[in-house]
Amino acid sequence: MSGRHFLQIPGPTNVPDRVLRAMDMPTIDHRGPEFAALALDVLSGIKTIFRTESPVVIYASSGTGAWEAALVNTLSPRDHVLMFETGQFASLWRTMAERLGLNVEFVPGDWRHGVDPDEVERRLARDSKHEFKAVMVVHTETSTGITSRVRDVRAAIDRAGHPALLMVDAISSLGSIDYRHDEWGIDVTVGGSQKGLMLPPGLGFNATSKKALEASQRSRFTKSYWNWHEIISANKSGFWPYTPSTNMLYGLRESIAMLHEEGLPAVFERHARHGEATRRAVHGWNLELQAADPREYSNSVTAIVVPDNANADDLRAAILERYDMSLGTGLGRLAGRAFRIGHLGNFNDLMLAGTLCGVQMGLDIMRIPHGDGVSAALTFLTDPTPARLAPMATA
Ligand code: PLP
C-alpha cells in the first residue's frame, strides 16, 4: 500500500525520525569512555522525566521485566501485597506476583473504574499489623483507557498511616501524562521505552526511592539479572554489569531532549487535547467509552465499546485492510467488544484527524450506525477558547 502506515495502537508508538537517526550509530565499546559519557547523560536525564532524584535502573527488557524487577528487589516470598483489578495489565501483574509466591489481595473491579483511593484507605486501615508490604497500582490501564488517581492513592495510604511501599506501573503514562515520582511519594515506578518515550520496545525502568532501596536490603527473593544494587553501583561510573542496549540509549538521550525542548507541561497539554478530542469523537459517533468516570479518562489511550451486534476485531481488520491503520485490539474480557486508539507519543493534530477519519470510514464500511464524530473532534481541535479542556461531561 502506498503512503505511510498509521500505527495507532497504544504502544509501541511511532518513533520520530530524530530518534531513529540518533540510534543509527556504529557500535561502540560499552566499557569505553564514549559509552560512559552517553550513559551518565541518559541516567541523569531519565530522572527528569520520572521527576526523581533517586536512581532509575534501566534494563534491557520489556515492561514485564521491569514489573518483575520491582517485585523481586523490594519484597520477599509470601509477603502480602494489595492490588486492584483495573484491567488486563493489573491482572497480568497480579498473576506475576502470585507466580513469584507473593500473597496478593486483589480487589475486584469492573474494568470501567480506576483504583478507588477510599478503598485503599479502608483496606489498609484494617491492616493494623501492617501485613501489607506493598500497594501496587497501574497508573494508566492500557486495556481500558483509565488513569487512576495515584496522588490520591498516596494520600489514602498516608491517611491510613500505613508503611506499605507504593509501586506504580507508569508504562502508559510516563512522558504523556503528568507524573511525579518524588513529589507523589512513589517508591517504585515501572516504565517502558515504547510509549510516551517514543522509542522502540526494549528498555524497562525502575525508578526507586530511599525507602525502596532500604527495603531491597531486606528482600529475600532470589535474583541476579534484576538485582538493582550491582547495576546502580556500576552506573555510578557510567557502566552496566553486562552488555547494555547501547543504541537504545542513544535513542533515549534524544527522546529526553525532545520532551524537554517541547517542555513537559506542553507535552501533557498536547496529550490532554488529543485525549479530549478523541473522546468527543466517540461521543459524536454515539459509541461508548470504556472509562466510566471523567476524572479517570486517560489522555494517552481511549478504549471504545462497539454496539452488541458488532465485533470490534472485525472493524479493526477492515480498517487495517482498507486504510492501512492499526488500532489496539480489545484485551482480556474486552476482546471483540472494544477497540483502542493510542494517541500518545510523537503525535499531532493532523495525525489524530487522520486516525479519527480512518475509524469513521471503518464504521461506514462495516455499516455500524454512527454519528459524525470527526466533526465533533475537529470543532474542538480548532476552537481557540481556553475552556476547550473542560471535561466532556460538563462541556
Ligand atoms: N503495563 C502496562 C500498563 C502496559 O501497557 C504494558 C504493555 O503494553 C505492560 C505493562 C507490559 O509491558 P511489555 O509488553 O513491554 O512487557
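The values are calculated or read from the model by the stated rules, or taken from the named source; none is laboratory data. Keep in mind that what you see is a predicted model, and the values were worked out from it rather than measured. Heads up, the Cβs are rebuilt from the backbone with ideal geometry, glycines too, and the neighbour counts pull from every protein chain shown.
Every residue, every condition in (1) within 30 Å of I9 (Cα to Cα); (2) in contact (Cβ under 8 Å) with a residue 60 or more places away in the chain, yes or no:
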{"site": "K129", "(1), (2)": "no, no"}
{"site": "T142", "(1), (2)": "yes, yes"}
{"site": "R149", "(1), (2)": "yes, yes"}
{"site": "A155", "(1), (2)": "no, no"}
{"site": "A160", "(1), (2)": "no, no"}
{"site": "G175", "(1), (2)": "yes, yes"}
{"site": "Y179", "(1), (2)": "yes, yes"}
{"site": "V188", "(1), (2)": "yes, yes"}
{"site": "S193", "(1), (2)": "yes, no"}
Quick check on T189: is it assigned by TED's automatic domain parsing to the domain that holds L100, within 16 Å of the ligand (Cβ to nearest atom) and surrounded by 24 or more Cβ atoms within 10 Å (Cβ to Cβ)? yes
Any residue that is acidic (D, E), surrounded by fewer than 20 Cβ atoms within 10 Å (Cβ to Cβ) and at pLDDT below 95 - is there at least one of those in the stretch 343-356? no
In this structure, does M23 turn out to be away from the ligand (no atom under 16 Å from the Cβ), modelled with pLDDT of 95 or more and not assigned by TED's automatic domain parsing to the domain that holds L352? yes
Considering only the stretch 53-63, state which residues are more than 12 Å from the ligand (Cβ to nearest atom), farther than 11 Å from V188 by Cα and touching an Asp or Glu at 6+ places or on another chain (Cβ under 9 Å). E53
Quickly run through the stretch 114-135 and pick out the residues that are more than 24 Å from G192 (Cβ to Cβ) and either under 17 Å from the mean Cα position of the chain (by Cα) or surrounded by fewer than 17 Cβ atoms within 10 Å (Cβ to Cβ) (or both). D118, E119, R122, A125, R126, D127, S128, K129, H130, E131
Condition met for R112 (away from the ligand (no atom under 16 Å from the Cβ) and either outside the structural domain of P241 (by TED's automatic domain parsing) or basic (K, R) (or both)): yes
Consider G251 against the criteria (1) surrounded by 15 or more Cβ atoms within 10 Å (Cβ to Cβ); (2) assigned to a loop (DSSP other than H, G, I, E, B): it satisfies all of them except one. Which criterion is unmet? (2)
Checking R159, R94 in turn, the sole residue that is surrounded by fewer than 24 Cβ atoms within 10 Å (Cβ to Cβ), away from the ligand (no atom under 16 Å from the Cβ), modelled with pLDDT of 95 or more and not acidic (D, E) turns out to be R159
Could you list, in sequence order, the residues of the stretch 155-204 that are of a type in the set (K, R), more than 11 Å from F50 (Cα to Cα) and more than 13 Å from the chain's Cα centre (by Cα)? R159
